[in-house]
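This report refers to the structure that appears directly beneath it.
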């Protein structure tokens, strides 16, 4: 699964932009730490922490009422907010 949520901020030459001030995508700025979670099993598929430039294996999701019964949710790891629902029609 590819999208803004797992993209590394980079300039036109492909150099990684580590300073959030330089990130062009407002979603990355608003949600720099996100997780992809299987909504049916609440299993973490992957995490993306742009602040630490790594993943966060300690993240444990807490499903909420806004979660679909099936599909993949992109969750802000700091707030628990569902940022986006991907492929909810499996």
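Counted by neighbouring Cβ atoms within 10 Å, the residues 24, 50 run from fewest to most as 24, 50. Its Cα gyration tensor gives the chain an equivalent ellipsoid; the semi-axes, largest first and in whole Å, are 25, 13, 11.
We did not get these values from a lab; they are worked out from the coordinates using the rules stated. These numbers come from a predicted model, not from an experiment. Backbone-built Cβ (ideal geometry, glycine too); neighbour counts: all protein chains shown.
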